[in-house]
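Any read-out appearing in this document is the output of simple, stated calculations on the displayed coordinates, not a laboratory observation. Given the structure is predicted, the values throughout are model-derived calculations rather than measurements. Using ideal geometry, Cβ is built from the backbone for each residue, glycine included, and neighbour counts are taken over all protein chains shown.
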Amino acid sequence: MNTTPISDARALRTAAENFDALRGKLPIPGDPHRGPDSVTVAKQISELGKRITALGDEILIRTASPDLDAHTAKVISDFAAAVEPAGEVASALGSVAHQLSFLERTEHMRDQPDAMDAREAATLVIGDALGLADASLRDASYSLYAAAAAASPPPRQLRAARSRSTTAAPLPAAAPSTVPPAAAAPSRTTRGR
């Protein structure tokens, strides 16, 4: 496969947007319309699995390329860096699914004192795990957005100006990338969901 900086930036941005979309679908404890339930969490785990596979595919097609250069190696590293927070999300959602299963199995005992304490603890674990999933999805998308900005070639105007210059000044070093507002959204508790 022959990738270009533009196609690499597009692939990185698409991966970031996919993680943002997952983040937007996370259940919210206490929300009557988006509270956690087993089916929703199972769908999230399945969708996350597809996104992790997509990261692996992006790494594989570039790693298997006979034209591996420094730019491609950097893009491989950028995709690989998103796998760790994605794995943290998988672990957190697995914990949520486990706790939801416990709550469903003990529903008939909810009024018993011992069960009440255990069920309350399970609810706290669910909230913490969903918070971790949210933060990890944000980390994954942020790093991918930043990588996409760094992989993008300089604007056409800058290249055109350089080609007309008699001194051909070198391109400036990549400025610290800014992340689109969607990627740098505030925490879930303040977003009003």
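With a point put 7 Å past each Cα toward its Cβ, work out how far residue 25 is from residue 43 in nm, to one decimal.
Once both label points are built, they end up 0.7 nm from each other.
Want the number for residue 74 to residue 108: 0.36 nm per residue separation, take away the alpha-carbon distance, what's left?
Working it through step by step, the gained length comes to 6.8 nm.
In whole angstrom, how far apart do the alpha carbon centroids of the stretch 6-62 and the stretch 95-133 sit?
That distance is 24 Å.
What value does the stretch 1-122 have for Rg/Rh, both radii from Cα atoms and Rh as Kirkwood defines it?
Reported Rg/Rh (Cα atoms, Kirkwood Rh): 1.17.
For the stretch 96-151, give the magnitude of the charge dipole about the Cα centre (Cβ charges: +1 Lys/Arg, -1 Asp/Glu; no others), in debye to the nearest 20.
With Lys and Arg at +1 and Asp and Glu at -1, about 240 debye.
On the Cα set of the stretch 1-56, report Rg and Dmax in Å, please.
Using the Cα atoms of the stretch 1-56, the pair Rg, Dmax is 14.8, 48 Å.
Report the convex hull volume per residue for the stretch 83-160, counting only C-alpha atoms, in Å³.
80 Å³
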